[in-house]
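Q: Dropping a structure here in structure tokens format, bear with me for questions.
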Amino acid sequence: MRPTNETNQKLPNLPNATLILVFGILSISISCFFGIAFGIVAIIIANKEKAKYLESPESYSRNSFGMLNAGRTCAIIGTIVSSITTLIMIIYFILLGAIFTAFASKF
């Protein structure tokens, strides 16, 4: 059962909590260039929604705040993993190009 306020009405969820969670998960699962984009977007939206929740925590359900924190955490992890993966790919292609250039100059 969802938390209720003093008038015994169900509290609404934060508007973008589910979107943040989905983008956070996508940033982990698509860990390359698009993962960075999903992660950064999720972090930006999460920071705005967290500020909105902290202004009036009694207006929103705690479950949606938990989803927001989970999505933000996934987005941070996904952004870091995607950045490392992208950096490794760039280094790989630079080294591959250097190797092909070295072999091509011998022939």
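The values are calculated or read from the model by the stated rules, or taken from the named source; none is laboratory data. Small disclaimer: the values here were computed from a predicted structure and weren't measured. Note: ideal-geometry Cβ built from the backbone for every residue, glycine included; neighbour counts use all protein chains shown.
Q: Would you confirm whether or not the stretch 72-80 contains a residue that is modelled with pLDDT under 95, among the hydroxyl-bearing types (S, T, Y) and part of a helix (DSSP H, G or I)?
A: No, the stretch 72-80 contains no residue that is modelled with pLDDT under 95, among the hydroxyl-bearing types (S, T, Y) and part of a helix (DSSP H, G or I).
Q: Now for a separate question. Answer yes if at least one residue in the stretch 5-12 is modelled with pLDDT of 95 or more, under 16 Å from L68 (Cβ atoms) and not aliphatic (A, V, I, L, M), and no otherwise.
A: no
Q: Continuing with the same structure: Just checking, how many residues over the stretch 35-73 are more than 17 Å from P15 (Cβ to Cβ) and touching a residue at least 40 places away in the same chain (Cβ under 8 Å)? Walk me through how you get there before you give the answer.
A: Narrowing the stretch 35-73 to residues more than 17 Å from P15 (Cβ to Cβ): 35-40, 73.
Now restrict to residues that are touching a residue at least 40 places away in the same chain (Cβ under 8 Å): 35-36, 38-39, 73.
Residues flagged as more than 17 Å from P15 (Cβ to Cβ) and touching a residue at least 40 places away in the same chain (Cβ under 8 Å) within the stretch 35-73 amount to 5.
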